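Here the structure comes first, spelled out in structure tokens, and everything after it is commentary.
Quick note: the coordinates plus some simple rules give every number you see, no bench work behind them. None of the values given here were measured: they were computed from a predicted structure. Don't worry about glycine lacking a Cβ; one is built from the backbone with ideal geometry, like all the others, and counts go over all protein chains shown.
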Amino acid sequence: MNKITRNEDYWMKGRMLKILRVILAIVVIALSAYGLISQNFRFMPYSMFFLGALMLLMGLSELQEDRKRIMCYMLIILSMFIFFVTVQDLLLY
């Protein structure tokens, strides 16, 4: 019985990560498309923040599935760099 519960928890975590990844991807695409169409780049730091969150989520999901390749660590490092750039950009404005 306990093994079934753990498998269900793992399945729900994987499903929730996929749903969150899709939502973040839609938000990034929407904010970026708005900026390109309107030539208003006021929301670009928010787009970068959500892009960093998306990359962090992708790296953590790779890490959770025991696919510890270089790509997993690169995504996590790149997301931290994007968060740093986002904070710098928000502090300048």
Requested in this report: Determine the gain in length on full extension of the stretch GLN64-ARG15; use 0.36 nm per residue of separation and subtract their C-alpha separation, reporting nm with one decimal.
Outcome: 16.4 nm
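Multiplying the sequence separation of TYR73 and VAL22 by 0.36 nm and subtracting their Cα-Cα distance, what value in nm do you get?
Values: separation 51, 0.36 × 51 = 18.36 nm, distance 2.08 nm.
Gain on extension, TYR73 to VAL22, equals 16.3 nm.
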Report summary line: Checking the range 29-93 for trypsin sites (Lys or Arg not before Pro) in a loop per DSSP with at most 10 other beta-carbon atoms within 10 Å yields ARG67, LYS68, ARG69
Query raised in the report: Could you give the nm distance between label points at ASN40 and LEU92, where each point is 7 Å from its Cα heading toward the beta carbon?
Result: 2.1 nm
**Report entry** Hydrodynamic radius by Kirkwood, which averages 1/r over all alpha carbon pairs of the range 8-85, in angstrom
**Finding:** 13.3 Å
